[in-house]
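Inspection log for the structure reproduced underneath, given as structure tokens.
The values are calculated or read from the model by the stated rules, or taken from the named source; none is laboratory data. No experiment lies behind these values; they were computed from the predicted model shown. As a convention, Cβ positions derive from the backbone with ideal geometry for all residues, glycine included, and neighbour counts pool all protein chains shown.
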Amino acid sequence: MQYKCIKKEAWDKTIEQLLLSYTIFACVENEYGLDYELIRPADILKISYNKPKPVTPLKNFFLPVKENVTSDVSTDDKPTIILGIPNCDIKGLGLLDEIYLDKEYTDLTYRKRRDNTLLIASDCFSIQEHCHCATYNIMPYIENGADLAILNLDGTIFLRILSVKGQEFVSNISALQSPVNFDFISSIEKEHHATKELLAKSNKGLTDYKETGELITTQKDDIWKKHYSRCVSCGACTTICPTCTCFLLIDKPGLEKVKQMDACQYPGFERVAGGEDALSELHNRFRNRFMCKYVWKPLKFSSLACTGCGRCIDACIGRISKNEIFMELVK
């Protein structure tokens, strides 16, 4: 793969110059965790590199929680850069692209946002408690799907070029150079291997994506009734998921339509005009999420519907871990 490099101090100055022509969101860490923030010159030194994972999923940049779809898309005049995206979110974006960039039914607002955004992914050099991407054959480093990947090694920033858009971007930054010392490749591979080892150790016994789907398909209601008791139908697991995209289309006066994020865990999600509701019982809604991700979506799409980010476990106020449920199914 082709790399460009630049000293960290020079990179910080480059970002300051880029702010003149781009809107930049990057990962910043504080006492509450890691998340994207709108970057201003005073924030550049706060940007965090190669740490997993921002609380906000990447989908929120392209699928707002609420938007009026009958009015023009409100986009900044400047193009957008999103910096520090983990590979689990890049892979999640693959499913969103399959859905919203379908050749016959393209979502024009989604496409406009995608075209207006440069994606700079970040290799993960550590893991969080519930990260399990590698179990689903998603590596903690990016090889495709983004425009660039960024690494901060010993005071030097390395940019791995992954797309034509990424190549055009780096060609306009004169301070970037081709690495002359190839020892950095060994350092990068060492970091990648160490992160994969951490993931393997943390998720020992967890089944892969296909096998998980097979396990779920064979289960009867007993297993879901056993675990749903702590679920309060808050929808946190689905709204924070990088691949969940269900929405309501609400009619407003003046023939306006508002697109509102929805979740299969909400009561009334499948209620129809006649009053019938296939998911009226909580244990059925609980099961529905797993069936959707591991059984139904794989029948229709090539991208994974669960990328192992673990955000659903982090966000659950009932402390329900889908991974613990899956390991119980194996036993």
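Could you please let me know if residue 101 is more than 12 Å from the chain's Cα centre (by Cα), over 22 Å from residue 1 (Cβ atoms) and assigned by TED's automatic domain parsing to the domain that holds residue 17? So residue 101 fits the description; yes. Within segment 194-208, at least one residue is at pLDDT below 95 and surrounded by fewer than 15 Cβ atoms within 10 Å (Cβ to Cβ). Being buried (at least 18 other Cβ atoms within 10 Å of the Cβ) and either modelled with pLDDT under 90 or on the phi > 0 side of the Ramachandran plot (or both) is a property that holds for residue 145. Which residue out of 225, 257 is charged (D, E, K, R) and touching a strand residue (DSSP E or B) at 6+ places or on another chain (Cβ under 6 Å)? Just one listed residue meets the conditions, 257. Where helices (runs of 4 or more DSSP H) fall wholly inside segment 226-325, the ranges with 2 or more residues that are free of Cβ contacts under 8 Å to residues at least 12 places away in the same chain are 297-300. Residues that are assigned to a loop (DSSP other than H, G, I, E, B) and touching a strand residue (DSSP E or B) at 6+ places or on another chain (Cβ under 8 Å) were ranked within segment 80-118; the one that is surrounded by the most Cβ atoms within 10 Å (Cβ to Cβ) is 86. Selection of segment 183-205 for residues being touching a residue at least 12 places away in the same chain (Cβ under 8 Å), part of a loop (DSSP other than H, G, I, E, B) and over 14 Å from residue 138 (Cα atoms) yields only 205. Cβ-Cβ distances below 7 Å connect the following pairs, each with a first residue in segment 156-182 that is at pLDDT below 95, a second residue that is part of a strand (DSSP E or B) and surrounded by fewer than 16 Cβ atoms within 10 Å (Cβ to Cβ), and a separation of six or more residues or different chains: 156/7.
Looking at residue 162, is it buried (at least 22 other Cβ atoms within 10 Å of the Cβ) and of a type in the set (A, V, I, L, M)?
Values: buried (at least 22 other Cβ atoms within 10 Å of the Cβ): yes; of a type in the set (A, V, I, L, M): yes.
When the stated conditions are applied, residue 162 passes them.
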